[in-house]
Amino acid sequence: MSSEIEKARHALANASKPMSFSGAGLSAESGIATFRGDNEHALWSQFDPTQLASQHGFKKDPKLVIDWYNWRRKSLANAKPNAAHTTLGKQRGWLHVTQNVDNLLELGGAAGNQVLHLHGTLLSDHCNAQCGYKESIALDNPPALRNCYKCGNPMRPSVVWFGEALPEDILNQAANATSVTDLLLVVGTSAQVYPAAGLIDIARQHQATIVIVDPEADAVGQKGDILIREMAAKALPCLFAR
Ligand code: OAD
């Protein structure tokens, strides 16, 4: 076993207020595409985020945007939690802050109140005019573009688009937890999108131990971090094995 894995196992076993912070790499081995990277399946190398994940793009071509999210929903409907999700899902007393809009941590066993979704969820739609109307979505049978039942404006996925604020209460809960954690386990994020990535800075400022699991860990890590350059579904079960 590598010395980094030994160090990480020791840190995890001795943490009193541990939490995870994850990105698309956590769900990669469940068949969900990441956003960035050299691979041909990375979403932002195939699609234009300004077209598909912005208010401007939605106003220009709402059907294109809804069809794209529904394609992602259908691929999520067939996905199963991988060993990284189920390992995190077994950890009682942990908080999981994720940028992912899937439900794989919950399907992996995490309680709903253990998971904070910073960038929203594919499992619901809300009114784009913010009238307050919201609907749950069946991932395997998502509705086509339609208008709000209450006010007649278009419905949209409950995800955060570029240029939009993160849900304030969720971001505050995540930032508060990060400022008191003694161990932040960072899994599968390029840490390029703020304010989410700023949570790692908060943890560093408060002297938390940072453990990073990512095949490209160098890109995210800093001196003093514990870097595990492995795929999440392989590394996480080893890190938590007793
Ligand atoms: P990215 O696609 O930017 O980064 C994915 C990270 O996962 C990279 O660092 C990969 O090296 C790593 N990775 C790939 N496979 C892995 C595996 N099997 N195990 C562990 N790590 C792996 O995804 P995010 O950082 O999540 O925002 O992207 C952040 C935000 O950018 C997303 O939430 C989304 C996107 O635009 C919104 O939609 C608002």
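The values are calculated or read from the model by the stated rules, or taken from the named source; none is laboratory data. These numbers come from a predicted model, not from an experiment. Here the Cβ is made from the backbone with ideal geometry for all residues, glycine too, and neighbour counts use every protein chain on show. Surface accessibility is based on the protein's heavy atoms, side chains included, excluding ligands, DNA and RNA. Shrake-Rupley method; radii C 1.70, N 1.55, O 1.52, S 1.80 Å.
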What FRET efficiency comes out for the pair Glu40/Asn141, r = Cβ-Cβ distance, R0 = 30 Å, nearest 0.05? 0.55
Sequence-distant aspartates and glutamates (8 or more away, or on other chains) whose Cα lies within less than 14 Å of Lys60: Asp48
If one compares the long axis through the Cα atoms of helix 62-77 with the longest principal axis of the Cα atoms of the chain, the angle in degrees, nearest 10, works out at 40
Computed [θ] at 222 nm, helices only, for the chain once each DSSP H run of length n ≥ 4 contributes -39500 (n - 2.57): -10000 deg cm²/dmol
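Excluding the sites themselves, what is the longest stretch of the chain that contains no chymotrypsin sites (Phe, Trp or Tyr not before Pro) in a DSSP loop with at most 16 other C-beta atoms within 10 Å?
Numbers: sites that count: Phe47, Tyr133, Tyr149.
Value returned for the longest uninterrupted segment is 150-242.
Peptides 80-87, 205-212, 95-102: what's the order by average Cβ count within 10 Å, highest mean first?
Numbers: 80-87: 22.0, 205-212: 19.1, 95-102: 24.2.
The peptides rank, most packed first, as 95-102, 80-87, 205-212.
Nearest 5 is fine: what % of DSSP beta bridges in the chain come out antiparallel, could you say? All intermediate terms of the calculation are to be shown ahead of the outcome.
On the way: 8 of 29 bridges.
The answer is about 30 percent antiparallel.
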Once you measure Cβ to Cβ distances between cysteines in the chain, which Cys have no partner under 4.7 Å? Cys238
How high is the relative contact order of segment 5-56, in percent, counting Cα pairs under 8 Å that sit 6 or more residues apart? 15
On full extension of the chain, what length is gained from Asp67 through Cys131, given 0.36 nm per residue of separation minus the C-alpha to C-alpha distance? 20.8 nm
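Loop-only check: which trypsin sites (Lys or Arg not before Pro) in segment 55-114 are DSSP coil with at most 10 other Cβ within 10 angstrom?
Numbers: sites: Lys59, Lys60, Lys63, Arg72, Arg73, Lys74, Lys90, Arg92; in loops: Lys90, Arg92.
Those satisfying the criteria are Arg92.
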When we measure straight from the Cα of Lys90, which aspartates and glutamates land under 20 angstrom away, once same-chain ones fewer than 8 places off are left out? Glu29, Asp102, Glu106, Asp182
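I'd like to check one number: the per residue accessible area of segment 34-121, probe 1.4 Å, reported in Å² as a whole number.
Working: 4150 Å² over 88 residues.
Per-residue value: 47 Å².
Let me know the longest stretch in the chain that avoids all GluC sites (Glu not before Pro) found in a DSSP loop with at most 16 other C-beta atoms within 10 Å. Display every interim value, and only then the final one.
Working: sites that count: Glu40, Glu164, Glu216.
That gives 41-163 as the longest site-free run.
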With label points set 7 Å from each Cα along the Cα-to-Cβ direction at Lys74 and Gln173, the distance between them in nm comes to 3.3
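So if each residue of separation counts as 0.36 nm, and I subtract the Cα-Cα distance between Asp182 and Gln55, what length gain in nm does that give? Intermediate values should be presented prior to the final figure.
Numbers: separation 127, 0.36 × 127 = 45.72 nm, distance 3.76 nm.
Taking 0.36 nm per residue and subtracting the Cα distance, the gain is 42.0 nm.
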So how tilted is helix 168-180 from the main axis of the chain? Cα-based, degrees 0 to 90, rounded to 10. 0
